[in-house]
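Working notes, structure below.
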Amino acid sequence: MISGQLRLAGFEPDDGIRQTLGLAEEAGEFVGAYRRWTNRARRRGTEQEVQAEFADVVITSHVTAAELGHKLNVPWVSVMYRVEPADAWIHVLDVFANVNHFVTERADGVAGAWALELVVQSAYHAAAVLGWDAPALIEAKLEKIFTRGWREPVLEGETRG
């Protein structure tokens with residue numbers, strides 16, 4: 001669905017490079033939002049900002065998989081414990097590390113769906129550790145994406161790369 005909207009907005013398929021870069025960006029934004037929320041940055045942030053960035057990581061992982069011709073099969077895995085946000089940093093960094101692993105594998109031309117599945121699994125795990133309802137957060141973000149509109153359509157013959 002999102003891939004189709006990208007085409008309508010004038011984005012041509014690019015072998016997943018755009019999406020790979022986007023996923024790396026989203027992972028960094030997730031870590032940055034977490035830092036702000038846990039008072040480890042110069043400015044403060046909210047839990048809602050961290051949750052929105054979490055959803056961006058998961059959604060971007062799925063769009064990246066679609067752009068690369070993969071279908072992710074990531075079941076929801078429940079975690080039986082919750083830790084305080086200040087102690088959950090290692091789980092947040094695990095998401096970042098798995099995105100880094102995917103990006104490295106993509107650069108070497110060997111990344112498959114399994115690498116993106118690992119990203120999504122680690123994101124779900126971080127959400128569970130933080131006590132979040134991951135599916136609800138993702139659904140809310142998708143609703144926002146699909147109701148706010150897309151970029152202006154490109155002119156005939158013009159493309160975005």
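Return only the number of the condition from (1) surrounded by 21 or more Cβ atoms within 10 Å (Cβ to Cβ); (2) over 24 Å from H70 (Cβ atoms); (3) among the small types (G, A, S) that G32 does not satisfy.
Every listed condition holds for G32 apart from (1).
Quick check, is T64 hydroxyl-bearing (S, T, Y) and without any contact (Cβ under 8 Å) to a residue 12 or more places away in the chain?
No, not satisfied.
How many of the residues making up region 104-120 are surrounded by 18 or more Cβ atoms within 10 Å (Cβ to Cβ) and modelled with pLDDT of 90 or more?
Residues meeting the conditions: 7.
Considering each residue of region 37-79, count those that are more than 17 Å from the chain's Cα centre (by Cα), surrounded by fewer than 17 Cβ atoms within 10 Å (Cβ to Cβ) and part of a helix (DSSP H, G or I), and give that number.
Residues in region 37-79 being more than 17 Å from the chain's Cα centre (by Cα), surrounded by fewer than 17 Cβ atoms within 10 Å (Cβ to Cβ) and part of a helix (DSSP H, G or I): 0 in total.
When region 19-74 is examined, which residues are found to be among the basic types (K, R) and closer than 17 Å to V119 by Cα?
K71
Among the numbered criteria (1) among the hydrophobic types (A, V, I, L, M, F, W, C); (2) crowded, with 16+ Cβ neighbours inside 10 Å; (3) modelled with pLDDT under 85, which one does V154 miss?
Of (1) among the hydrophobic types (A, V, I, L, M, F, W, C); (2) crowded, with 16+ Cβ neighbours inside 10 Å; (3) modelled with pLDDT under 85, only one is false for V154: (2).
Can you tell me which of (1) surrounded by fewer than 14 Cβ atoms within 10 Å (Cβ to Cβ); (2) closer than 14 Å to L23 by Cα is the one A123 doesn't meet?
Here A123 meets the rest and fails (1).
Look through region 25-76, keep the residues that are among the β-branched types (V, I, T) and touching a Gly at 6+ places or on another chain (Cβ under 7 Å), and return whichever of them is farthest from D133 (Cα to Cα). Let's see the steps before the verdict.
Step one: of region 25-76, the residues among the β-branched types (V, I, T) are 31, 38, 46, 50, 57-60, 63-64, 74.
Checking the rest, the ones that are also touching a Gly at 6+ places or on another chain (Cβ under 7 Å) come to 60, 64.
Details: T60: 18, T64: 23 Å.
Filtering region 25-76 for residues that are among the β-branched types (V, I, T) and touching a Gly at 6+ places or on another chain (Cβ under 7 Å), the one farthest from D133 (Cα to Cα) comes out as T64.
The values are calculated or read from the model by the stated rules, or taken from the named source; none is laboratory data. Note that the coordinates shown come from a computational prediction; the quantities given were computed from them, not determined experimentally. No Cβ is skipped: glycine too gets one built from the backbone with ideal geometry, and neighbour counts run over all protein chains shown.
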